[in-house]
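S.K.: Here it is, the structure, as C-alpha cells.
Every number in this text was worked out from the coordinates using simple rules, so none of it is lab data. As the structure is a computational prediction, the values presented were derived from the model and not from experiment. So basically every Cβ, Gly included, is an ideal-geometry build from the backbone, and we count neighbours across all protein chains shown.
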Amino acid sequence: MSESAKTGILAALAAVTALAAWSTTTRNFTTLESNASARVNQVLFEKFTDPLDAASLKIVKYDTDSEQYDEFEVAKDGKTGVWTLPSNENYPADANKQMSEAANLFVGLKVLNVASEKRDDQKLFGVLEPDKKKEAEGGDGVGTLVQLRNAKGDSLVDLIIGKEDSQDPKKRFVRVPSEDVIYVAEVNTAPLSTDFKQWIEADLLKLSANDIETLGIRNYSLQPTSQNSLELVPKYDADITYNVRDAKWNAKSLTVYPERRPTPKTIDDSEELNTNKLNDMKSALDNLRIVNVARKPAGVAADLKGQQLGDETKVALQRRGFFAQKNPSSDAYEIFSMSGDLQVTLKDGVQYLLRFGKGAGASFEPTDADESSEEGEKKVSLNRFLMVTTRVDDSKFPEPELQRVPETVEELKALEAAKKAALDPKPAPVEPTPPADSTPAEPKPQEPKTEEPKPEESKTEEPKTEPAAPPTNASAQTAKSTLRLVSFQDPTPAQPAPAVQEPVKELTDEEWKERLEAEKERINKENQRKIDLRKDRYETAKKRVAELNARFADWYYIVSDSEFQKLKIELEDLITKKGVGLPNAPGSGLPGGLPGGLPGLNIPGLPQQ
C-alpha cells in the first residue's frame, strides 16, 4: 500500500473518532442537562422517608475560629438503643430530639432550582467537599458535609450544604458529593450543630441549688520542689452553711495558713460573707456546663472505684493535674488537685467532690452580652480538667436517740414518775398585782374582807345588783379594782376543781406487769421506727452516690475558664465589708506546667478533707 493511501486511511479514522467523541460528549452533556432540569421540584432523597431510620449522623465542616476541620458524629447502639458521640470518645448523648430534627430536614427535601452544572463554580457557591488533607489551604468555598446512615450502615443522605441564596436566606446551595450539579434547596442548618454542649445532657451534676446545704472550700495549690516532687501549699479552708429560714450564709469554720500553720480566722463585726459571690457559686453548680470530655484510661476508671492505685494510674492522673498520695493513718489514697477542691453537701447527705486539675487547651466561646464586640464574635477561653466523685456524708446520719426500755416494774414506775414530773410541774404561787390605775391605799379595805364573816361579804355584793344608787368616785374605783381581780383569778371552764378529782386507783401487781409488757412493746416499736428511718435515708443516699459515681467514673470533664472562675473563690472575695457587694474577681489563672512523671507528693500537713 502506498504512503498516500495509508495517510488517507489514518485521516479517515481520525475523523470518525473525533466525530464519535463529539457526538458522545454532546449526548452526555444534553443528558446531564436534561437530568438536572428534570429534578426541579422533585425530592432529592426519594428513598429516605422515615426519620427514625437514621441511626447515625456525621457532620464535617471547616471551623474558621480554630482554622481546622471540625468532625462531629452521633450514633445509636443497635443493641441498647443508646446514643453516643463517637467523635467525643463515645460519651453518652441526649440526642433523641435533636437527631429527629436533623433527620427531618432531609425527608421530602425538594430541589427548587439548578444554580450551576460547572465544577469550577463549586467554590463560588461554597459547596466544595471538606478534605482534611487540604486543611492548610483554608476553608474558602468549603461547605458542610452531612451524612445520614441507617442501622446497617447504608447511606440515607449524602449532601454538601453551601452558602445562602442572597435573594432568600432560607435557601441554600447544595450538592451531592458524587455530582457536579449545584442545586437550590430550602435547608435550616440550626439542628446541624457540631457544638458538643448541644448534644449532651445539660445537667451534669444533677443537683438543685435549693438542696445545697454546705460548701466546703479547700483552696490550695501544688507547687514543684527542688526534689522533683510536689508540695501542697494551703491558702484557706472554709465550711459555709446556708440557712434556709434566714436565707443567709454562715461560716461554720474558717482556717487560714500563715507561714503554713493552720490558724482559725474570725469574721469581725465590720465584715460579712460575700452573699452575692456565694449565691453565684451555688447557681453555677446547678447549671455547670462542660465543653468536652476525655475518657480516663481503663486502669484509672477501675482503680479509682476501689482506691487501689498502681503506678500507671498515678501517671495517667498526673498528666491531667491530679495527684495521688497515700494517707499513712488510713492506708488509703487521697487525690489532690493542681487548683484545689470544692465539696458540696446536699440535704440528703450526698456530698460532691469537685477537683480542678491542669489546663486542657482552649476553645472559642461567644462573647458576653456586656462585652464590646461585634455580634457573633467569639473569644478564646482557656479550659481546665475537672474530676467529679461523690460520697455519703456520714455526719448527716447520726445515730437516733433511743428511749430506754424498762425491764422491771420498778423501772417503769420510776420512768413514769419522771415523765409526770417533767410534764406536770407544780406551779409557784402567784401574788395578784394591783391594777395600774388603783392607788396604794385601795388594797387595805380588802384585807379585813377575807377575815370578816360571810354576811359582811354579802353586804358588799348587794350594791352590785341595785342600779338606783349611783356609786361615788371612790366606790366606783374600788369596784373596778375588785372586778379586775376576780377576772384574773377565775379558773377556765376546762380546769376541773381539785375537790372533784377522784383519787388514782392503785394498780395490782398483775396489772403493772401487763402495763410493763405493753410499754416495752411500744418503746421497742418506736425505737425500731427511728432506726429504720435512719437506715432508709442512709441507704437512699448510698444508692444515689453509686448511681452518680457510675456516671462520673469513666470521664475527665473539661470546663471553660469562665465556669471555673464561678466555682473558684479567693479569701479576699469570700469576706467583704458589711453592705459592700464585691464584683466577681478574676481567679488566679492557669498554673505553670509541671515536669511529667512526678513520683509523688511531699505534703507537710494535709488540709482537713
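S.K.: Stretch E511-Q42 to full length: gain in nm at 0.36 nm per residue minus the Cα-Cα span?
M.R.: 159.2 nm
S.K.: I would also like to ask the following. If a/c stays under 1.5 just call it rounded; otherwise compare a/b with b/c (prolate if a/b is bigger, oblate if not). Do that for region 131-270, with a ≥ b ≥ c from the square roots of the Cα gyration tensor eigenvalues. If you can, show how the numbers build up before the last one.
M.R.: On the way: a/c = 3.68, a/b = 2.37, b/c = 1.55.
It is prolate, given that a/c is not under 1.5 and a/b is the larger ratio.
S.K.: Full extension from N96 to L402: what is 0.36 nm times the residue separation minus their Cα-Cα distance, to one decimal in nm?
M.R.: Length gained between N96 and L402: 105.0 nm.
S.K.: Post the alpha-carbon centroid distance, region 130-178 to region 519-549, in whole angstrom.
M.R.: 59
S.K.: At R0 = 35 Å, how high is the FRET efficiency between T189 and A302 if r is their beta carbon distance? Nearest 0.05 is fine.
M.R.: 0.25
S.K.: Same structure, new question: Need one number: nm distance between label points at A247 and R295, each 7 Å from Cα along Cα→Cβ, rounded to one decimal.
M.R.: It is 4.7 nm.
S.K.: A follow-up question, please. Classify region 34-126: rounded, prolate or oblate, from the alpha-carbon gyration tensor (a ≥ b ≥ c, eigenvalue square roots; a/c under 1.5 rounded; otherwise prolate if a/b is larger than b/c)?
M.R.: Note, shape of region 34-126 comes out oblate.
S.K.: Name all residues of region 192-206 having a backbone nitrogen under 15 Å from the label point set 7 Å from the Cα of D63 along its Cα→Cβ direction, giving them as ranges.
M.R.: Counting backbone N atoms under 15 Å from the label point, the list is 193-199.
S.K.: Between A414 and K197, how many nm apart are label points set 7 Å from Cα along the C-beta direction?
M.R.: 6.8
S.K.: Can you bin region 35-199 into rounded, prolate or oblate? Criterion: square roots of the alpha carbon gyration tensor eigenvalues sorted a ≥ b ≥ c, rounded for a/c under 1.5, prolate for a/b above b/c, oblate for the rest.
M.R.: Note, shape of region 35-199 comes out oblate.
S.K.: Note down the nm distance, to one decimal, between modelled labels 7 Å out along Cα→Cβ at A362 and at K530.
M.R.: 6.1
S.K.: Please rank S226, S337, fewest neighbouring Cβ atoms within 10 Å first, as an exposure proxy. Present the calculation step by step, with values, prior to reporting the outcome.
M.R.: Working: S226 6, S337 25.
Least to most surrounded, the residues fall as S226, S337.
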